């Protein structure tokens, strides 16, 4: 499956279908879900990163249970916006995940999403490093998904 622009992804989505936000980390993958009107992103879960086949199976199950019709996958562009090795690895992983799940996918710039979430958890929630470990990835996925939802073209539902 090819990667789509946000506009093309939005045009392909069925009415009331959710989007899955994905923050692919080296050790863990954060997941977030949109509501059916695709206005609000909510943290969903954090999954240990392992074999792609297992991740694809897990995401297919979520897609079926939660009526997910597409994915927004965070891509770590360099601070200057350039496409470096980490971004290429994330793009390759997202394409393979899209192929294995059958879900149309859009890449979204995730620069500093985890940093922003960590700052918020430290400053606002005063969470320790250990407590942040369990939620930062899914909150970063929600941060990425919310940014994409806010930029999504308004389409008639």
Check your understanding: Would you call residue 98 out of contact with any helix residue (DSSP H, G or I) (no Cβ under 6 Å at 6 or more places or on another chain), closer than 21 Å to residue 149 by Cα and not in a strand (DSSP E or B)?
Key -> yes
Study note, to complete from the structure: Among 5, 53, the single one that is more than 18 Å from residue 142 (Cα to Cα) and without any contact (Cβ under 8 Å) to a residue 60 or more places away in the chain is 53
Review point. Among the residues of the range 35-47, is there at least one that is surrounded by fewer than 13 Cβ atoms within 10 Å (Cβ to Cβ) and farther than 19 Å from residue 142 by Cβ?
Key: no
Exercise for review: Starting from the range 11-22, keep only residues that are on the phi > 0 side of the Ramachandran plot and touching a residue at least 12 places away in the same chain (Cβ under 8 Å), then list their pairs with residues that are surrounded by 12 or more Cβ atoms within 10 Å (Cβ to Cβ) and not in a helix (DSSP H, G or I) whose Cβ atoms are within a distance under 9 Å, requiring at least 6 positions of separation or different chains.
Suggested key: 16/36; 16/38; 16/67
Exercise for review: Sort out which residues of the range 79-94 are over 13 Å from the mean Cα position of the chain (by Cα), surrounded by 10 or more Cβ atoms within 10 Å (Cβ to Cβ) and either in a helix (DSSP H, G or I) or in contact (Cβ under 8 Å) with a residue 40 or more places away in the chain (or both), and write them in order of number.
Suggested key: 86, 87, 88, 89, 92
Check your understanding: Of the residues 72, 62, which is surrounded by fewer than 21 Cβ atoms within 10 Å (Cβ to Cβ), within 19 Å of residue 137 (Cβ to Cβ), at pLDDT 95 or above and under 15 Å from the mean Cα position of the chain (by Cα)?
Key -> 62
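Quick check on the range 9-22: of everything there that is touching a strand residue (DSSP E or B) at 6+ places or on another chain (Cβ under 8 Å) and farther than 17 Å from residue 75 by Cα, which residue is surrounded by the fewest Cβ atoms within 10 Å (Cβ to Cβ)?
We begin by selecting, within the range 9-22, every residue touching a strand residue (DSSP E or B) at 6+ places or on another chain (Cβ under 8 Å); these are 9, 12-14, 17-22.
From what is left, the residues that are farther than 17 Å from residue 75 by Cα are 12-14, 17-18.
Working: 12: 12, 13: 18, 14: 9, 17: 17, 18: 22.
Only one residue fits best here, namely 14.
The values are calculated or read from the model by the stated rules, or taken from the named source; none is laboratory data. All figures in this text were calculated on a predicted structure; none of them were measured in a lab. Neighbour counts are summed over all protein chains in view; Cβ atoms, including those assigned to glycine, are modelled from backbone coordinates with ideal geometry.
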